[in-house]
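The values are calculated or read from the model by the stated rules, or taken from the named source; none is laboratory data. Because the structure is a prediction, the values reported are computed rather than measured. Every residue, glycine among them, receives a Cβ derived from its backbone with ideal geometry; neighbour counts consider all protein chains shown. Ligands, DNA and RNA are excluded from the accessible area calculation, which covers all protein heavy atoms including side chains. Shrake-Rupley method; radii C 1.70, N 1.55, O 1.52, S 1.80 Å.
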Amino acid sequence: MITKPKGTKDILGLEAKKWKYVERVVEEVMDKYNYNYIRTPLFESTELFHRGVGETSDIVTKETYDFTDRGERRMTLRPEGTAGVVRSYLENKMYGDATQPIKLYYNGTMYRYERPQAGRERELTQFGCELIGSDDPATDAEVISLALQIYHILGLKEVVVHINTLGDAASRDNYRNALLAYFEPHLKELCDDCKNRYNKNPLRILDCKVDGNSELFQNAPKTIDYLNKESKERFDKVCEYLDILEVPYEIDSSIVRGLDYYNHVVFEFEATTTSGKMAIGGGGRYNGLIEQLEGPATPAIGFAAGIDRLLLALEHKGIELPVKEELDLYLLYVNEEEKKYALYLTQELRMNGFKVEMENMGRSLKAQFKQADRLNAKFTIVLNSEELNEDEVTVKCTKTKEETKVQLDALIYYLDENLAEEDFDCCCEGECHHHND
C-alpha cells in the first residue's frame, strides 16, 4: 500500500472543519483590516529564496526542497510566504498603485525539510500578511495587533508579544561588530553551525538550537544597547502605539528571527498552555528586502503563523472550536416515488442554505433513522405519499422528539425559525463564536 510521505499528513473529518474554521477567522479579520488575498505559486525560482530569505538562514542552508525541472531551471518549493509576495509585488508593479500602502494576506502550503515533530511538519500551512510601502511605526503596531486579534477570537487570550529591534543598517552593523568581538574568544566552544555563522552572519548565532540557553549566549551583547538615536526613537514609538492598542508585550533582546531580511522591529507570539509556553507565530520589518530583489527602496512589515502549531496550542489549552459534524435535516423514504421527491426537496433546501442529506444506500427505514443519528441530524422528515398528496410533511426534532406537521410551502420558514432556536439553545447562552459573527 502506498502511504503518505514522512512529515506530511491527511487532514479530514472534524480536524478539517477546525482548519476551515481557523481559515474563516483569518479571512474575516484580514478583511476588517483591509488586507487583500494573494495566492502565489507553490514553487519559485531557487534564486528568489536564496536572495530573499538569505543564504545563511537555516531554511535555505538545510531545509528547502530544491529541484531542477525539465527545462534545467533550478526551482524550490516555497518554504515561507514573504519572498513570493514581494516577488509578485515587484512583477506586478504594485509600487505604482495609488492606494499605498499595499496590504496583502496569504494562506497556503509551505515546505521545509526538517525533523517532523508535533506542530512542525515538512508540509505545513501558514497564513500571514504583508504591509508594503509604509515606514510608519503605527503600521508595526497594526500588524502585531491584527495577529493578536486572530488569536483572541480563536480563544487564545493569554498571548504575549515578545518584541525586539535590530535597528537600522548602521545599528545592525554596530551590533554585528559587537557580536564578532564577543564570540571570537569562544569560537572553539561554538557548534559547527555557529562557527559558519560567525563569518557569514553572526546575528544568526543567537538562534542556535544547541547552545542557545548556555551562559555564554545569555551574556551576549543585546541589540538594544547598540541602537543609534533614530532607531531607539523609532522603537519607542512602536511601543507607545502598542500601549495605545492595549497590546501586551515584553521587550526581549533574544528575539532576532531566523530570516536574514529583518531589520528594526521583530516579534514573536507566545501562548501559555497547559503544556507550557509555545511560540505560535512571528514577524518583523524588512525595509531592505524589496531593494535587495532589484526593486525600489520600499519599507515593509509582515507576520506569519502556522495553522498546525496554532491548533496544537488550542488543543493544549483545552479550547474547543465551535465546529460540529451535524446536519440541519435528513430526509427518509421507502418507495421510488418518495425517493424522487426526496431528491427534489433535498436540492431545493440546499439551494436555500440548509445542510441536508438523503438516503442513498438502499437502507431499511430503521437503518435510515440510525444513519440520521450518526450524521447528527437536527431534524428528520419521513416522506410518505399520503402526506405529500396533502402538500405537507411531518418534521421531527431529534433533540426533543417533538413532531410537527408543516405545509410544504412553509417548510423553509419553519426550518429557518426552528434551526435558529436550536443553535441558540446549543451555544452556551449566546457566548460562542456563532453569536459573535
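So who's got an amide H within less than 5 Å of the one on Phe379, skipping anything under 5 residues away but keeping other chains? H placed 1.01 Å off N, in plane.
Here the answer is Leu329, Tyr330, Thr398, since their amide H atoms fall under 5 Å of that of Phe379.
From the alpha carbon gyration tensor of region 314-355, can you work out the equivalent ellipsoid semi-axes (sqrt of 5 times each eigenvalue) and give them in Å, largest to smallest?
Values: eigenvalues 245, 28, 5 Å².
So the equivalent ellipsoid measures 35, 12, 5 Å along its semi-axes.
Counting only pairs 8 or more residues apart or on different chains, how many lysine pairs in region 75-215 have their Cα atoms under 25 Å apart? Walk me through the numbers before you get to the answer.
Values: Lys93/Lys103; Lys188/Lys200; Lys188/Lys209; Lys195/Lys209; Lys200/Lys209.
Eligible lysine pairs with Cα atoms under 25 Å apart amount to 5.
How long is the gain from Asn389 to Val334 if the chain were fully straight, where each residue apart is worth 0.36 nm and the alpha carbon distance is subtracted?
On the way: separation 55, 0.36 × 55 = 19.80 nm, distance 1.56 nm.
Stretched out fully, the Asn389 to Val334 stretch lengthens by 18.2 nm.
Tell me, in nm to one decimal, what length is gained between Tyr95 and Lys277 on full extension, where the rule is 0.36 nm per residue of separation less the Cα-Cα distance? If you can, show how the numbers build up before the last one.
Numbers: separation 182, 0.36 × 182 = 65.52 nm, distance 3.95 nm.
Net length gain for the segment: 61.6 nm.
For the chain, report the accessible area per residue in Å² (1.4 Å probe, heavy atoms, rounded to an integer). Don't skip to the answer; put the middle values down first.
Values: 22670 Å² over 437 residues.
Ligands and nucleic acids excluded, the result is 52 Å² per residue.
With contacts defined as alpha carbon pairs under 8 Å and 6 or more residues apart, what's the relative contact order of the chain in percent? Please report the intermediate quantities before stating the final value.
Details: 701 pairs, mean separation 64.9, N = 437.
Value for the chain: 15 percent.
Using all Cα-Cα distances in region 1-40, what percent lands in each 5 angstrom bin from 0 up to the longest?
6, 18, 16, 17, 18, 13, 7, 4, 2, 0
Kirkwood-based Rg over Rh for region 273-317 (C-alpha set), two decimals? Before the final figure, lay out the partial values.
Working: Rg = 15.9 Å, Rh = 12.6 Å.
Radius of gyration over Kirkwood radius for region 273-317 works out to 1.26.
Considering only protein heavy atoms, with the full assembly of protein chains and a 1.4 angstrom probe, order Met358, Met351 by accessible area, largest first.
Working: Met358 15, Met351 135 Å².
Sorted by accessible area, descending: Met351, Met358.
May I ask you to order 90-96, 337-343, 276-282, 141-147 by the average number of other C-beta atoms within 10 Å around their residues, highest value first?
Details: 90-96: 12.9, 337-343: 15.9, 276-282: 18.0, 141-147: 22.3.
Descending mean neighbour count gives 141-147, 276-282, 337-343, 90-96.
Find how many whole Å separate the alpha carbon centroid of region 16-37 from the alpha carbon centroid of region 390-420.
Using only Cα atoms to place each centre, the spacing works out to 34 Å.
Given contacts defined as C-alpha pairs under 8 Å and at least six residues apart, what's the relative contact order of region 232-336, whole-number percent? Each step should come with its number before you reach the end.
Numbers: 105 pairs, mean separation 18.7, N = 105.
It rounds to 18 percent for region 232-336.
Report the per residue volume, in Å³, of the convex hull enclosing the C-alpha atoms of the chain.
Details: hull volume 88.9 nm³, N = 437.
Spread over its residues, the Cα hull of the chain gives 203 Å³ apiece.
Leaving out ligands, DNA and RNA, what percent of the accessible area of the chain is carbon and sulfur, probe 1.4 Å? Intermediate values should be presented prior to the final figure.
On the way: 10790 of 22670 Å².
The C+S portion of the solvent-accessible surface of the chain is 48 percent.
Quick one: if the Förster radius is 41 Å, what FRET efficiency do Asn36 and Asn376 give, using the C-beta to C-beta distance and rounding to 0.05?
Step by step, r from the Cβ atoms, then E = 0.65.
Compute the separation of the alpha-carbon centres of region 284-298 and region 215-236 and state it in Å as a whole number.
Comparing the Cα centres of region 284-298 and region 215-236, I get a distance of 23 Å.
Pop the C-beta distance of Glu15 and Tyr344 into the FRET formula with R0 = 41 Å and round what comes out to the nearest 0.05. Don't jump to the answer; show the numbers that get you there.
Values: r = 34 Å, r/R0 = 0.83.
Using R0 = 41 Å, I get an efficiency of 0.75.
Beyond a 28 Å Cα-Cα separation, which of these cross-linked pairs lie in this structure: Lys17/Lys370; Lys339/Lys401; Lys18/Lys366?
Working: Lys17/Lys370 23 Å; Lys339/Lys401 24 Å; Lys18/Lys366 32 Å.
Going by Cα-Cα distance, Lys18/Lys366 fall outside the 28 Å limit.
Taking N as the number of residues in region 25-157, what value does Rg over Cα atoms divided by 2.2 N^0.38 Å take?
On the way: Rg = 16.1 Å, N = 133, 2.2 N^0.38 = 14.1 Å.
Dividing the Cα radius of gyration by 2.2 N^0.38 Å gives 1.14.
Give me the one-decimal Kirkwood hydrodynamic radius in Å for region 253-345, with the sum taken over alpha-carbon pairs.
On the way: mean 1/r = 0.0555 Å⁻¹.
One decimal place: 18.0 Å for the Kirkwood radius.
Could you list the residues of region 341-357 with an amide nitrogen less than 15 Å from a label point located 7 Å from the Cα of Lys324 in the Cα-to-C-beta direction?
Answer for this model: 355-356.
Hey, could you pull the Cα Rg and Dmax for region 280-411, both in Å?
Considering region 280-411 through its Cα atoms, Rg and Dmax are 25.3, 76 Å.
What ³J(HN,Hα) values, in whole Hz, does the Karplus curve 6.51 cos²θ - 1.76 cosθ + 1.60 give for region 336-343 when θ = phi - 60°, with x put for Gly and Pro?
5, 5, 5, 4, 4, 5, 4, 4
Measuring from centroid to centroid over Cα atoms, what is the spacing of region 62-134 and region 325-372 in Å?
The distance from the Cα centre of region 62-134 to that of region 325-372 comes to 44 Å.
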